[in-house]
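For reference, the structure is listed below as C-alpha cells.
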Amino acid sequence: MAVSGTLLSLCIVGCSNANNTSVAATCNAPGVTREQVKIGFVLSNSGMAAGILQAVRSGVDARLGVANAAGGVHGREIVYGWQDDESDPRINLKVSSDLVDNQNVFGLLEMTGAVGGSAEYLNRQGVPVVGRAIEPVWSEYRNMFSYANPVSRNAVSTFGTFAKSLGGTNAALVSIHAIEASRTLSDQLAQSLTSAGIEVVADLDYTPGASSPERVGQTIRDSQADVLLVTLAPQDAAAVRVGAVSAGSTPKVTLLPVGYDQKVLDQFGPGLAGTYVFLDMKPFEMDTPAHEVYRDAMARYAPELQPPEQDIALTSYITTDLLVRGLQEAGQCLTRDAFITNLRAVKDYDATGLLAAPVDLDASFGKPSTCYIFMRINPTGSSFDVVTPEPVCGNVLP
C-alpha cells in the first residue's frame, strides 16, 4: 500500500508503537481524536435539488451506523456535522469553509450539485472530499472522490451502442440549459449517440413549471426522432414523454439518467412505460447478498425511510461506504494526505458488491464511467426489468 511522505514522517515518531492510545495521540489531523473522527456533510436540503435528495441522509446514517456498530474505523467513531448549501455554489463555498475552518472537520461528504463553489478551496487546503460526481469539477482535483463519474470532460460509447442495438437512428435531446449538470450530461450523451452513428436532430431547452410539455412533444414529433434522451427530473421526463406520444411521436428508445425508484412509478409510471433508466450500481431487482446487508442497515439505522429501496438512498449509502473505505485505507495515523494517497491506490472498489463493475480509483480519475446496467420500465409502468446481458460497457471517447 502506498504511504505518503507526510504519513511516513508521522509514523516514524509514533506509529510503530503497538499502543493505540499513543498512536492516536501522536498521529492526528483536523477532526481526529482518540475516540472519533468528525466529517463535514454538505447537502442540498433546499433549493432546486432538494426534491431528489430527500433520502440522502438516511443512506448516510445507515452506512455510518454499520461502521460504528463494528467499532468505527481503527477504533474511532465516525460522526458528522451537516450544512445546507441551498443548491447554490456561493453558499456551498461558505458552508464548506465553515466546516473546515471553524468546525475543524477531517474531510467532507458532499451530496450536492453545487460543489463547484468550494472545489478549488478544498483542493488548496488538501481536504478529502467524497461525493456524487454530477459536475465536471469532480474530474479536476485528486482530493475529490466518487465511485462513478457520469459527468466528466469525456463521453463514453456505452449509450450510443445501447440505443443503436434497439434500432435508434436519430435523436432529440431535452435538458435544462441553465443547469450545468443537466446540460453537460445531455451533451455527453449526445456525443455517445453520435459515435454510434445516431444523428441529433433536436436539442431542446425545458424549464420545469414554465415550458409546455405539449409544445415540446410537438417539436419532438416534427423532428422525427426515434431516440428521446431526457436529462430532467422524473416528473418532468414523464410529462415530456407523454407530450411527445400524445403528439404522435413513437420513440423506439427513451433514455433517462434518473428515475429508478418505485415511488416514481407509483406517481408517474404510465407516462414512463417502456423507457430505459441506466444505473452504475446493481439494482434491487438483482437481490444480491449486498442488497440484503443494505436493507438490514436501513432497517436498523434509518427506519424512517420507507420503502428503503430508493436509488438516491442506495447512492448515498455507497458514497458513504467509499468514505469509510478511505478512512480505513488511511491507517491508524489518520491524515488527510494518507486518505487521498491510499484511497487513490485502490484498484478494485466495488462497494462490497453493489457496483455494476469494480472501479480503479486511480486509473478512473478524470474519466467517465463506462459500464452501466439498463433497466426497462414495463409496459404498464408498474415495475422495472433488468435488461440483459448486463452490464453494458463501452469505451471512453476522444
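Only the coordinates and a few stated rules stand behind these numbers; no lab work does. Everything numeric here is computed off the predicted structure, so don't read it as measured data. Counting neighbours? That spans all protein chains shown, and the Cβs are built from the backbone with ideal geometry, glycine included.
Arranged by the count of other C-beta atoms within 10 angstrom, fewest first, what order do CYS333, CYS371 take?
Values: CYS333 24, CYS371 18.
The order, fewest Cβ neighbours first, is CYS371, CYS333.
Overall form of region 145-215: oblate. Here a/c, set by the Cα gyration tensor axes a ≥ b ≥ c, is 1.5 or more, and a/b is not larger than b/c.
When each of HIS177, HIS74 is scored by the number of other beta-carbon atoms lying within 10 Å, the sequence from fewest to most is HIS177, HIS74.
Can you tell me how much longer the chain between ASN170 and ASP222 gets when fully stretched, taken as 0.36 nm per residue apart minus their C-alpha distance, in nm with one decimal? Kindly include the intermediate steps, with their values, before the conclusion.
Values: separation 52, 0.36 × 52 = 18.72 nm, distance 1.24 nm.
Stretched fully, the ASN170-ASP222 segment lengthens by 17.5 nm.
Distances longer than 41 Å among the Cα atoms of the chain: what percent of all pairs is that? The calculated P(r) of the chain puts 15 percent of pairs beyond 41 Å.
Beta bridges from DSSP with both residues in the chain: antiparallel share about 30 percent, rounded to the nearest 5.
In this simple spin-label model, placing a label point 7 Å from the Cα along the Cα-to-Cβ direction at both ARG34 and ARG376 gives a separation of 6.1 nm. Whats the longest run of the chain with zero GluC sites (Glu not before Pro) that are DSSP loop and have at most 11 other Cβ atoms within 10 Å? Here the longest run is 36-303. All distinct Cα pairs of region 304-382 go into the 1/r average, and the inverse of that average, the Kirkwood radius, is 14.7 Å.
In order along region 305-321, the Karplus-derived 3J(HN,Hα) couplings, from 6.51 cos²θ - 1.76 cosθ + 1.60 at θ = phi - 60°, round to 8, 10, x, x, 7, 10, 5, 5, 5, 5, 4, 6, 4, 5, 4, 5, 4 Hz, and Gly and Pro are given as x. Computed from phi, the 3J(HN,Hα) profile of region 283-289 under the Karplus parametrisation 6.51, -1.76, 1.60 (θ = phi - 60°) reads x, 4, 4, 6, 6, 7, x Hz, with x in place of Gly and Pro. One Cα centroid belongs to region 119-181, the other to region 201-225; the line between them spans 24 Å.
What value, in deg cm²/dmol to 500, does the helix sum -39500 (n - 2.57) over DSSP H runs of n ≥ 4 give at 222 nm once divided by the residues of the chain? Please report the intermediate quantities before stating the final value.
Details: 13 runs with 148 residues, N = 398.
About -11500 deg cm²/dmol.
Compute the whole-percent fraction of alpha carbon pairs in region 254-309 spaced more than 18 Å apart. Tail fraction, whole percent: 44.
Put simply, the amide H of LEU204, placed in the peptide plane, has neighbours under 5 Å in LEU173, VAL174, SER175, leaving out anything fewer than 5 places away on its chain. Calculated over region 219-261, the projected area of the Cα convex hull averaged across directions stands at 2.8 nm². Model label sites at ASP360 and ASN104, defined 7 Å from Cα along the beta-carbon direction, differ in position by 4.1 nm. The residues LYS347, LYS38, when put in order of fewest to most other Cβ atoms within 10 Å, stand as LYS347, LYS38. Can you bin every Cα-Cα distance in region 106-158 into 10 Å intervals starting at zero and give me the percent of pairs per bin, rounded to whole numbers? Once binned at 10 Å, the Cα pair distances of region 106-158 give 26, 57, 14, 3. Near ASN45, the amide H atoms lying under 5 Å from its own belong to ASP85, GLU86, SER87; only residues 5 or more places off or on other chains count, and H is placed 1.01 Å from N.
For PHE145, the residues whose amide H sits under 5 Å from its own are VAL129, VAL130, GLY131, ignoring neighbours fewer than 5 places away on the same chain, with H placed 1.01 Å from N. Available extension along the chain between THR194 and THR388 is 67.5 nm, counting 0.36 nm per residue and deducting the alpha carbon span. In order along region 196-201, the Karplus-derived 3J(HN,Hα) couplings, from 6.51 cos²θ - 1.76 cosθ + 1.60 at θ = phi - 60°, round to 9, x, 8, 7, 7, 10 Hz, and Gly and Pro are given as x. Name the shape class, rounded, prolate or oblate, that the alpha-carbon gyration tensor gives for region 178-247, where a ≥ b ≥ c are the square roots of its eigenvalues, rounded holds for a/c under 1.5, and otherwise prolate holds if a/b is larger than b/c and oblate otherwise. Verdict is oblate for region 178-247.
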